[in-house]
Amino acid sequence: MNKAERSGGATFVLLGPPGAGKSTQGVRLSQLLEGTFFSTGNLLREEVNSQSALGQRIETIINAGGTVTEGLLLPVLEKTMTRISYGHIAILDFAGTGEQCAALDEMLVKYSRAVFASLIFEIPPSESRARLIARGRTDDEIEMIDKRLTLYEQEIVPVRRYYTERGLLRIVDGIGTSEEVTERLLTQILLHLPYTSPNGQRSGVRGQGSEIWGRRRRINQLINSLTHQRISAKGGSAFSGNASINDAIYGE
């Protein structure tokens, strides 16, 4: 059984260093695709602020500079996953470890979901640091920024290996305008949604074929629109830069 047959909805994981723009792009994608975006960092902060027993345990670990284990992270994620409708795209800003990736996969199976692609933003460390400093950080916080970047470089290695071994890792150039990065993300998402015809063949789920087909068309329209806007803004010809994608997917 392939991912398209067993998944109640596509889940896309966003990875990248601090300052890469994961939250910005996650929000944009959720609006464009009418999906649900959630950030593990925000969810953990909300749990801490709730002062629940779980939140207090998480707060102790964070204050000590430790890593929140999957045993504490997954219950927080699961609360959100239960609120996502069947067939709805989920976009997850996931700052985890290799072990947490495996635990996430196991949790998603409970909700008939699967990670369709892990999209990692790549920007140079100097760019990450510059973006974070530009947010108005103090000198004390700059030292913390450097520690965060160093920790990321250490923790991302097993995460990249995990998704690479499963053929799910996709690299996205994080340099450029917000629109340019969104266009790259949409292209990757388009390529990793299950391919089905309007009559539902190959979807494995009754009635899901037309929904996925319509979603693929919608994403392709968004890519074309962003391409059109970008080229027009640069004074070029207003043409579709994705004709080959149209031909390959729809036979047009």
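Only the coordinates and a few stated rules stand behind these numbers; no lab work does. Here the structure is a predicted model, which is why all the values come from computation and not from measurement. Backbone-built Cβ (ideal geometry, glycine too); neighbour counts: all protein chains shown.
Odds and ends about this structure:
- Counted residue by residue at 0.36 nm each, then reduced by the alpha carbon distance between them, the extension gain from Val157 to Arg135 reaches 5.2 nm.
- Anisotropy class of the range 54-135 from Cα gyration tensor, a/c 1.5 cut: oblate
- Potential extension, Glu106-Met144 segment - 0.36 nm per residue separation minus Cα distance: 10.4 nm
- Order of Met107, Met144, Met81 - criterion: other Cβ atoms within 10 Å of each residue's Cβ, fewest first: Met144, Met107, Met81
- This ranking places Ser39, Ser225 by how few other beta-carbon atoms lie within 10 Å of each, fewest first, which gives Ser225, Ser39.
- Considering only alpha-carbon pairs that sit under 8 angstrom and 6 or more positions apart, the relative contact order computed for the range 8-177 is 37 percent.
- Each of Arg113, Arg135, Arg184 has some number of other Cβ atoms within 10 Å of its Cβ, and from fewest to most they run Arg135, Arg184, Arg113.
- Shown is the FRET efficiency for Leu72 and Gln229, computed with R0 = 35 Å from the Cβ-Cβ distance and rounded to the nearest 0.05: 0.25.
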